[in-house]
Amino acid sequence: MQQYSLQLRRYREGRAASAGQFFPLRGVQGAKLQLILFGPPGAGKGTQAKLLVEQRAYVQLSTGDMLRAARASGSELGKQVAAVMDKGGLVSDDIVNQLIDQRLIAHQGAPGFIFDGYPRTLAQAQALDNLLARHADAIDLVVQLVVEEPALVERVAKRHAAEGRADDEPAAFKVRLRHYFNETAPLIEFYRGQGKLVGVDGMADIDTVARGIAMAIEAKGTALGHRIPAPEGSPGPASPKKRRRK
């Protein structure tokens, strides 16, 4: 995991993602954006996804949420999901891709989609590329919340003490963190090779991280030849009050 600490140090030194690359653009109608949020447990990925949903009306595609909704729906696909989950198994990539396909069709008019928790393997990333290609679309931007492991472990330990979440127990969390980094390391290189990866300092406060993501989105809009507006109420260049995570 030392590579992630190195990425964070380079980011803070201004070499991983220079603020000069970004051009805030407001009030101009933009095109649909396909965005992947990468971040280990505790990095605040879910918080940032919710902000993008609230502020930009993006649709969050969380594999966990989709699987639970499918199971509760009673549909044929939902019955397949329930059969696997009830046995404690892992739902196949094919089923997950079918769920994603359904959401893409159901929300064709959405200004953007956030892939949260998927893909996690190189095979899943390649399958997602193929799925989006059938919709004449592609992943536009991959935002990696770059974190420092010791600080992240400390943050989650405090959350565990305050909220008592079982998966935040320090020993269990370190195992989850190790699995995350082992799984996603090939994906980081995959999307970096496509020129789609942008690093954002995930150890900053919520509003600073949100501004970093907003700048990356707006810069990507410029690179793609269209402008993606920063919504009203989104964090501006200066914010005197900073929200802290628990």
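Derivation of every value follows stated rules applied to the coordinates shown; laboratory data play no part. For clarity, every value in this text was computed on a predicted model and none was experimentally measured.
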Original post:
So what's the gap between the Cα centers of region 109-142 and region 169-213, to the nearest angstrom?
Top reply: 17
Original post:
Computed on alpha carbon atoms, what radius of gyration and Dmax characterise region 69-189, expressed in Å?
Top reply: 17.2, 47
Original post:
Tell me, what ³J(HN,Hα) does each residue in region 193-206 have, in order and in whole Hz, if you take phi through Karplus 6.51 cos²θ - 1.76 cosθ + 1.60 with θ = phi - 60° and put x for Gly and Pro?
Top reply: x, 7, x, 10, 8, 10, x, 10, 5, x, 8, 6, 6, 4
Subject >> Translational diffusion coefficient (Stokes-Einstein; Kirkwood radius from C-alpha pairs) of region 62-109 at 4 °C, 1.567 mPa s, in µm²/s >> reply: 120
Subject >> Per-residue HN-Hα couplings for region 36-52 [Karplus 6.51, -1.76, 1.60; θ = phi - 60°; Hz; x = Gly/Pro] >> reply: 10, 9, 9, x, x, x, x, 7, x, 4, x, 4, 5, 4, 5, 5, 5
Subject >> Length released on extending from residue 161 to residue 110, taking residue separation times 0.36 nm less the Cα-Cα span >> reply: 14.5 nm
Subject >> In Hz, Karplus ³J(HN,Hα) per residue of region 149-160 (6.51, -1.76, 1.60; θ = phi - 60°; x = Gly, Pro) >> reply: 4, x, 5, 5, 4, 5, 4, 5, 4, 5, 5, 5
Original post:
Between residue 115 and residues 5 or more places away or on another chain, which pairs have amide H atoms under 5 Å apart, with H built 1.01 Å from N, and which residues are they?
Top reply: 35, 36, 37, 61
